[in-house]
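Peer 1: My questions will all concern the structure given below.
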Amino acid sequence: MNVTFRCPHCDQIGQAEFDPATRELACPNCPAKWPVCEGAVAGDELRQCLVCPSTELYIRKDFSQTLGVAIVALGFVISSVFWYYRMPLWTYGVLFATALIDVVLYLVVGNLLQCYRCQAQYRGVAGLAHHGGFDLETHEKHRQQKIRLAEQAAEQEQARGTDQRASSV
Ligand SMILES: [Zn+2]
Ligand SMILES: [Zn+2]
């Protein structure tokens, strides 16, 4: 099992392997380390996020949207060339083929588990069935929470700035 996550300390994307015996998760890009909650990994299953300890995770296809769009865009460019040389069958053929590649890719890729709160992605985890699919309400809840936290941090920062100015006078 492995997790791809944005490190809360250095903000870089990193990857780490884990198993039920893992007691600590470390960032591969900086010296940051944090403990893994007891019972977070039960057998091959994941009960909660190892990065931000949220218990809300959802299943999604392990399919990069960027790749999907890139394939379609490439198909469009190639078909335009055929269109330019007045080869309509090839034009439509290429468009159809790239759309088909997208569909097939989408169908063959496996599922992954993603954390609503910190967007960490878990691969190779079993028992995905008891985590639901994407739920907009839960997503919105975490998004609002993030905005509130950011506002709080900004207010604290501002308050500290005022304090410093007051003390320097
Ligand atoms: Zn880091
Ligand atoms: Zn998380």
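Peer 1: Any idea what diffusion coefficient the stretch 1-147 gets from Stokes-Einstein, in µm²/s, Kirkwood Rh on alpha carbon pairs, 20 °C, 1.002 mPa s?
Peer 2: Values: Rh = 17.7 Å.
Diffusion coefficient, whole number: 121 µm²/s.
Peer 1: Also, I was wondering about something else. Give the accessible surface of the stretch 1-141 per residue, rounded to a whole number of Å², with probe radius 1.4 Å and ligands, DNA and RNA excluded.
Peer 2: Details: 8730 Å² over 141 residues.
Solvent-accessible surface per residue comes out at 62 Å².
Peer 1: Taking H placed 1.01 Å from N in the peptide plane, check which residues at least 5 places from residue 36 or on another chain put their amide H under 5 Å from its amide H.
Peer 2: HN-HN under 5 Å from residue 36: 24, 25.
Peer 1: Treating only the Cβ atoms of Lys and Arg (+1) and Asp and Glu (-1) as charged, compute the dipole magnitude of the chain about its Cα centre; round to the nearest 20 debye.
Peer 2: Working: 15 positive and 17 negative charges, 78 e Å.
Result for the chain is approximately 380 debye, rounded to the nearest 20.
Peer 1: For residue 54, enumerate residues with amide H under 5 Å from its amide H, sequence gap 5+ or separate chain, H modeled in the peptide plane.
Peer 2: Here 49 satisfy the definition.
Peer 1: While we're looking at this one, here's another question. If the cut-off is a Cα-Cα distance under 12 Å, which aspartates and glutamates reach residue 141, setting aside same-chain residues fewer than 8 apart in sequence?
Peer 2: 56
Peer 1: Ignoring ligands, DNA and RNA, what percent of the 1.4 Å accessible area of the stretch 70-120 is carbon and sulfur? Numbers along the way, then the final one.
Peer 2: On the way: 2750 of 3560 Å².
Ligands and nucleic acids excluded, carbon and sulfur give 77 percent.
The values are calculated or read from the model by the stated rules, or taken from the named source; none is laboratory data. Because the structure is a prediction, the values reported are computed rather than measured. Please note: Cβ atoms are built from the backbone with ideal geometry, for glycine as well, and neighbour counts cover all protein chains shown. Ligands, DNA and RNA are excluded from the accessible area calculation, which covers all protein heavy atoms including side chains. Shrake-Rupley method; radii C 1.70, N 1.55, O 1.52, S 1.80 Å.
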